[in-house]
Amino acid sequence: MKLLYKIEGLSFSYSSDKEIFQNTFLKLDFETITLLSGKNGSGKTTLCRLLSGLEKKFQGCILLENKNLSKIPVNIIANKVVYLKQESLANVVAANPDEDLAIWQHKFRLNNNTFEKRRANALEYFNIYNFKDKPIWELSSGQIKRIGLSALLLNDEKYWILDEPFGSLDDKSVELLLHILDTRKKRMKGCLLITHQFQECKSITDRCLQIENKNIIEK
Ligand SMILES: Nc1ncnc2c1ncn2[C@@H]1O[C@H](COP(=O)(O)OP(=O)(O)OP(=O)(O)O)[C@@H](O)[C@H]1O
Ligand SMILES: [Mg+2]
């Protein structure tokens, strides 16, 4: 097993009156597909933000590949881990789908001789290619979600943190994403998958966690 994250004695709150995590411990392996659930407001998105280095003011320790996460610059974390946010629009950085993926390719130096082809393949996989030049503001919520998912395909060597990736997706897109996750499972590429869709994800899940009473427990 390839240990990716180790959390020790994590406590976190946004404000003094409500603690989200209290003395929490957790290990996440790179190769494992870990499903995380919990009630609305229990702290699932907060955990994603902590693991991605977006929330700095926590107590305890978060190690990424045995190094103190709070000392690693966010761009270096992003070279190892990709975080798909819960809100579709929060994952989009450009005015149209094609430009968006081009920016990710540039940002993560994913450019090579085949970069246009790779981009086209990623857009095609989630059926966005036909409107790749359409302004984002003319797309539906599910279509925008699929832009973020296409960008993930360019980052398939990294660990994925997926915050409710099935939200807004139609059945066909759910099926496509499950197929990707199944392929990754076989390639020993893991992810932290936040979802309430236990049944659909049963066959691709290696481990189930739940946030309960400010702690993360095995389910
Ligand atoms: N930026 C913020 N500032 C203050 N409080 C916040 C902030 N973000 C989230 N919270 C609060 O922290 C708690 C955990 O929120 P979080 O978004 O992590 O929950 P969640 O488990 O992802 O919920 P959901 O299932 O609705 O997505 C909630 O009570 C929320 O109101
Ligand atoms: Mg959330």
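Some observations on this one:
- Helix-only arithmetic for the chain: the sum of -39500 (n - 2.57) across DSSP H runs with n ≥ 4, divided by the residue total, places the mean residue ellipticity at 222 nm at -9500 deg cm²/dmol.
- Between PHE166, PHE30, PHE58, the residue with the greatest mean-square fluctuation in the GNM of the chain (Cα pairs under 10 Å linked by springs) is PHE58.
- Here the contact order of the stretch 3-218, divided by its residue count and restricted to Cα pairs under 8 Å and six or more residues apart, works out to 31 percent.
- Most mobile of SER141, SER88, SER203 in a GNM of the chain (Cα contacts under 10 Å): SER203
- Using a Förster distance of 22 Å, the FRET efficiency for TRP137-PHE108 (Cβ separation, nearest 0.05): 0.30
- When the chain is treated as a Gaussian network with alpha carbon springs shorter than 10 Å, the biggest mean-square fluctuation among GLY190, GLY53, GLY41 belongs to GLY41.
- The length gained by stretching the chain between GLU116 and ASN213 to full extension, at 0.36 nm per residue less their Cα-Cα distance, is 30.2 nm.
- Remark: spin-label model distance ASN79-VAL93 equals 1.5 nm, labels positioned 7 Å along the Cα→Cβ axis.
- With both residues required to sit in the stretch 3-218, DSSP beta bridges show an antiparallel share near 55%.
- On full extension, the segment bounded by PHE198 and LYS67 gains 43.9 nm, given 0.36 nm per residue less the C-alpha separation.
- Considering only SER70, HIS196, THR183, and ranking their Cα positions along the charge dipole of the stretch 3-218 that arises from unit charges at the beta-carbon of Lys, Arg, Asp and Glu, the one farthest toward the positive end is SER70.
- The translational diffusion coefficient of the chain, from Stokes-Einstein at 37 °C and 0.692 mPa s with a Kirkwood hydrodynamic radius over alpha carbon pairs, comes to 183 µm²/s.
Bear in mind that the values in this text are calculations on the coordinates, not laboratory data. Only a predicted model underlies this, so the values are computations on that prediction, with no experimental measurement involved. All Cβ positions, even for glycine, are placed from backbone atoms using ideal geometry, and neighbour counts span all protein chains on display.
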